């Protein structure tokens, strides 16, 4: 993960689990999206203004996501999610995710998600300048 990252506590809720009380795989993707929102918020930006900005006519949909699961997690347990930017391109960015169960250091799950900037015509466009500037500042240690 890059030098700029956020850590987010996550409590596993009953609705996050399968009939056996183990975290259902889909829940990890919801946790990851929550992590993206908190990462954007840590930059001083409003997530809703980044995901769908009607004024500046852009959006940032998730176009790819994956997650590998290494250990089971059960209802009521606490996870720690670390989120960082893995890759920044002119029209897209990829976030990396790592899940741990504190105080343990073993990796529980890890994944990534790719977002692409689109315009009102649904075609790829350059990432918003304000986002790129904030990400550059965070990578340099100027924003958190």
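Screening residue 67 with (1) touching a helix residue (DSSP H, G or I) at 6+ places or on another chain (Cβ under 9 Å); (2) touching a residue at least 60 places away in the same chain (Cβ under 8 Å); (3) assigned to a strand (DSSP E or B) gives one miss only, at (2). Can you tell me which residues in the stretch 75-89 are more than 11 Å from the chain's Cα centre (by Cα) and in a strand (DSSP E or B)? If the condition is that a residue be more than 11 Å from the chain's Cα centre (by Cα) and in a strand (DSSP E or B), then 78, 79, 80, 87, 88 are the ones that fit. Within the stretch 1-18, being surrounded by fewer than 16 Cβ atoms within 10 Å (Cβ to Cβ) and either at pLDDT below 95 or within 26 Å of residue 60 (Cα to Cα) (or both) holds for 1, 2, 3, 7, 9.
Would you confirm, using the coordinates I've provided, whether residue 58 is touching a residue at least 40 places away in the same chain (Cβ under 8 Å), farther than 14 Å from residue 112 by Cα and loosely packed, with under 15 Cβ neighbours inside 10 Å? Taking the combined requirement at face value, the residue does not satisfy it.
Any residue at all in the stretch 71-91 that's free of Cβ contacts under 8 Å to residues at least 40 places away in the same chain and surrounded by 15 or more Cβ atoms within 10 Å (Cβ to Cβ)? Step through it out loud before you land on a result.
Narrowing the stretch 71-91 to residues free of Cβ contacts under 8 Å to residues at least 40 places away in the same chain: 71, 87, 89-91.
Filter once more, so that each one left must be surrounded by 15 or more Cβ atoms within 10 Å (Cβ to Cβ): none.
Taking every residue of the stretch 71-91 in turn, none turns out to be free of Cβ contacts under 8 Å to residues at least 40 places away in the same chain and surrounded by 15 or more Cβ atoms within 10 Å (Cβ to Cβ).
Could you tell me whether the stretch 122-131 includes any residue that is in contact with a strand residue (DSSP E or B) (Cβ under 9 Å, 6 or more places away or on another chain), within 20 Å of residue 27 (Cβ to Cβ) and part of a loop (DSSP other than H, G, I, E, B)? Looking for residues that are in contact with a strand residue (DSSP E or B) (Cβ under 9 Å, 6 or more places away or on another chain), within 20 Å of residue 27 (Cβ to Cβ) and part of a loop (DSSP other than H, G, I, E, B), one finds none in the stretch 122-131, hence no.
The values are calculated or read from the model by the stated rules, or taken from the named source; none is laboratory data. Given the structure is predicted, the values throughout are model-derived calculations rather than measurements. Every residue, glycine as well, gets a Cβ built from its backbone with ideal geometry; the counts of neighbours run over all protein chains shown.
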